[in-house]
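First comes the structure, then the notes that go with it.
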C-alpha cells in the first residue's frame with residue numbers, strides 16, 4: 001500500500017499557494033494551536049488509522065493543517081457517506097427560511113401529498129419532518145439489510161411509504177436511511193428542481209464549493225442519506241459554517257436558529273462513538289461530550305467526520321475508506337481517538 005503523505009500547515013509557504021484559495025489566512029494574534037505538535041500528530045496519523053485518507057483542521061476560520069495519505073490529495077472528491085444527511089439538514093433549514101417549507105411539524109402527507117395519496121394508511125405518511133430530522137419516525141428499517149433495496153427501488157418514496165411501524169415507544173431514536181431519503185422528494189417538490197441543484201445554488205456556491213459528486217439511486221435522484229463526495233476541505237467548510245452560527249466569511253448562509261436547533265440534543269441516540277460520550281441527536285447531526293466539551297458532528301460510515309467544537313471554535317474533518325461491516329466499530333473508534341487528540345491540542349492552547 002502507498003503510504004505517501006502530503007501535509008500542509010499554517011505558516012508554511014505551500015499553504016499560501018495551495019489552501020488560501022479556499023481558506024483566508026487569519027491574524028497572527030488569533031488563538032490557534034501548536035503547529036509543531038499538530039504536524040507531528042498528523043504525520044503519524046495513518047499509522048494508527050491505516051484507512052485514513054485525509055484530515056483537515058480549522059480553528060477560528062483558519063485552516064491550520066491538513067494531511068493526505070495513500071496517494072490522496074487536497075483536490076480529491078472523497079465520499080462523506082452518511083455525513084450527507086447533515087448537509088441535507090442544512091438545506092432544510094434554508095428551505096424553511098425561504099418559505100419553501102412551512103414548518104418542521106408538517107407531515108409527509110402534507111409535504112408529499114401526491115405520493116401519500118397512494119398509500120393513505122401508511123405510517124410514514126403521518127411522520128413529521130421533525131421526526132425525520134431527529135431520527136424518531138418509528139418506522140421499521142435495518143440499514144444492514146434494507147439500504148440495498150432502498151437504493152435500487154424504482155420508486156424510493158413508495159418504498160418508504162410501504163414500511164411498517166417498528167413498535168417502539170414514540171420518540172425512540174433509530175437510524176433510518178429510508179426516512180431521511182424522503183428529504184430528496186420533499187426538497188425537490190418544494191424548490192421545483194433537483195436537490196443537487198438546490199445544494200449547488202444555496203449551500204455550495206456561497207461557501208465556494210465548486211466541485212462535488214452525488215450518487216443517484218435507481219430512480220435517478222440524488223440520495224439524501226448518503227452518496228455525496230466532497231474535497232475534505234469542503235467538508236470542513238460545512239462544519240465551520242455550523243460552528244460559526246451558519247455564517248461563512250461573515251455572510252449568513254444557514255439560519256442561526258436552525259444551526260442551534262440542529263446541534264442541540266433533542267434526545268439520546270442509541271449509537272456510541274467512544275471516546276465521545278452522552279451521544280445524542282439534533283437535526284441529522286450527532287451531539288455529545290468530548291473530554292468535557294460539547295461537540296456536534298456529521299457521522300459517515302467508517303469515520304467520515306465533520307466535527308465541531310463550538311467552545312474552541314474548532315473543526316476537524318476526516319475522510320477514510322469504508323471498512324467491512326465487522327470492522328466499522330473499531331475503525332470509527334480509532335478515527336474518533338485521533339480527533340480527540342486534535343481537540344486536546346486545541347484545548348491546551350485555548
- Roughly what would the spin-label model give for residue 256 and residue 162, points 7 Å off Cα along C-beta, in nm? 4.7 nm
- the range 117-132 and the range 235-252: distance between their alpha carbon centers, rounded to Å: 32 Å
- Only helices counted: for the chain, with every DSSP H run of 4 or more residues adding -39500 (n - 2.57) and the sum spread over all residues, [θ] at 222 nm is -9500 deg cm²/dmol
- Message: What does DSSP give for the chain in terms of the percent of beta bridges that are antiparallel, rounded to the nearest 5?
- Response: 100 percent
- Item | the range 84-191: translational diffusion in µm²/s, Stokes-Einstein, Kirkwood Rh over Cα pairs, 4 °C, 1.567 mPa s | 94 µm²/s
- Could you calculate the contour length gain from residue 37 to residue 200, that is, 0.36 nm times the residue separation minus the distance between their Cα atoms, to one decimal place in nm? 55.0 nm
- Rg to Rh ratio, the range 211-252, alpha-carbon atoms and Kirkwood radius? 1.11
- Query: Most fluctuating residue of 126, 118, 85 in a GNM of the chain with Cα springs under 10 Å: which is it?
  - Reply: 118
- Full-extension gain in nm, residue 44 to residue 110, via 0.36 nm per residue minus C-alpha separation: 18.6 nm
- Task: Using every Cα-Cα pair within the chain, state what percent have a distance larger than 27 Å.
- Result: 42 percent
- Task: State, to one decimal in nm, how far the label point of residue 322 lies from the label point of residue 118, with both points 7 Å from Cα in the Cβ direction.
- Result: 2.7 nm
- Message: Principal axis extents for the range 54-127, Cα atoms only, whole Å, descending order, please.
- Response: 51, 28, 17
- Task: Evaluate the relative contact order of the range 84-191 (contact order divided by residue number), counting alpha-carbon pairs under 8 angstrom at least 6 apart; express in whole percent.
- Result: 31 percent
- Message: At q = 0.13, 0.19, 0.20 Å⁻¹, what log₁₀ I(q)/I(0) does the range 191-272 have when each alpha carbon counts as one equal point scatterer in the Debye sum?
- Response: -0.50, -0.99, -1.05
- Item | the range 178-315: radius of gyration over Cα atoms, expressed as a fraction of 2.2 N^0.38 Å | 1.06
- Hey, what angle do you get for helix 83-98 against the long axis of the chain, alpha-carbon based, 0 to 90 degrees rounded to 10? 70 degrees
- Message: If I stretch the segment between residue 291 and residue 213 completely, what's the gain in nm (0.36 nm per residue apart, minus their alpha carbon distance), one decimal?
- Response: 24.6 nm
- Tell me, how many Å apart are the Cα centres for the range 59-87 and for the range 163-201? 25 Å
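Just so you know, all these numbers are worked out from the coordinates, no wet-lab data involved. Keep in mind that this is a model prediction, so the values were computed, not measured. Cβ atoms come from the backbone with ideal geometry, glycine included; neighbour counts cover every protein chain shown.
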